[in-house]
Amino acid sequence: MVELALLMSLMAAAEPAEPEEPEKPVTGIIVDATMVTVQHSRYPKLLDPERKTVYPTPKLVDDAEYTGFEGFKVSLEEARKDEERVGKEPLIVRPVSADDEDPAGGSMLLSAEDARRLRELNAERGLLDDDRIVIVLGLAVLRHVPEAGAKGVARNVIVEIFFSKNLRRETIDPALSLQDSSGRRLAVQTAYQRGPRRLQVKPRELLTDGETYTLTLASSLQADGRARLGADYSFAFTVGSGDRDDTPSDPDDADDTKQGGA
């Protein structure tokens, strides 16, 4: 029996392993700047940590047909759809920070690893020389209080939402809605603070115990630099009974924006 088990083990070891699927070649570059404050710019740059230019390449700049960058997108979803520029297998890189020395506000610093990878891809496939790149100027919700699915929320709650970029104040109220479970839309008061990038939303009425409310931010919400949410963002919370202070309160005064209502 021992000899049989050993023989079977040796036969199994001798069987050829299934070949691994070859890695699909990268067809383009998506620079996801959702978490970095950058602006639309005609000539944005990608820089390595030593501030040497990775993009645009000298070959691209010398191309008589190159008249500036035209690949800004508002979301990753929109970027992936642009197969004419980035193909079906794009590589996604995320910049470390914005380049504070760029007066146009459109340039970014890459990590050393990402800079090396992009240079290698350009040497192998010419992706940067051929301008096979898009930049996502997205806007993201970082966190909010109450959290999604929270229960026992106070009737006089002031909802706080934090963003990756500073919002354009005039786009807030048209993009925001607060509804109860029957679909009734509640009037709210809003206040926005640019420093912490915090939006406060206060219902103009005390909420109802046991009721679930849904706050929605439409994709039309915009940040500085024309960045937008890629899709509607919603979360729900439930008001609950308990020993709470339901004394009406007001949102904090915004530091450099006016309060509004919806």
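Annotations
- Sorting S111, S75, S41 from the fewest to the most surrounding beta carbons within 10 angstrom yields S111, S41, S75.
- Percent of C-alpha pairs per 5 Å bin in segment 28-150, short distances first: 2, 11, 21, 23, 21, 10, 4, 3, 2, 1, 0, 0.
- Point-to-point label distance, A64-E23, nm (Cα→Cβ direction, 7 Å offset): 3.9
- Eigenvalues of the alpha-carbon gyration tensor of segment 45-92, scaled by 5 and square-rooted, set the equivalent ellipsoid semi-axes at 22, 16, 10 angstrom, largest first.
- Near T34, the amide H atoms lying under 5 Å from its own belong to G138; only residues 5 or more places off or on other chains count, and H is placed 1.01 Å from N.
- Across segment 44-51, computed HN-Hα scalar couplings (Karplus, 6.51 cos²θ - 1.76 cosθ + 1.60, θ = phi - 60°) run x, 10, 10, 10, 7, x, 8, 6 Hz from first to last residue, x flagging Gly and Pro.
- If the chain linking E211 and R226 were pulled fully straight, counting 0.36 nm for each residue of separation and taking away their Cα-Cα distance, it would gain 1.8 nm.
- Between segment 41-83 and segment 184-210, the Cα center-to-center distance that results, in Å: 39
Rule-based calculations on the coordinates, nothing more; no lab input. Keep in mind that this is a model prediction, so the values were computed, not measured. Positions of Cβ are backbone-derived with ideal geometry, glycine not excepted, and every protein chain shown enters the neighbour counts.
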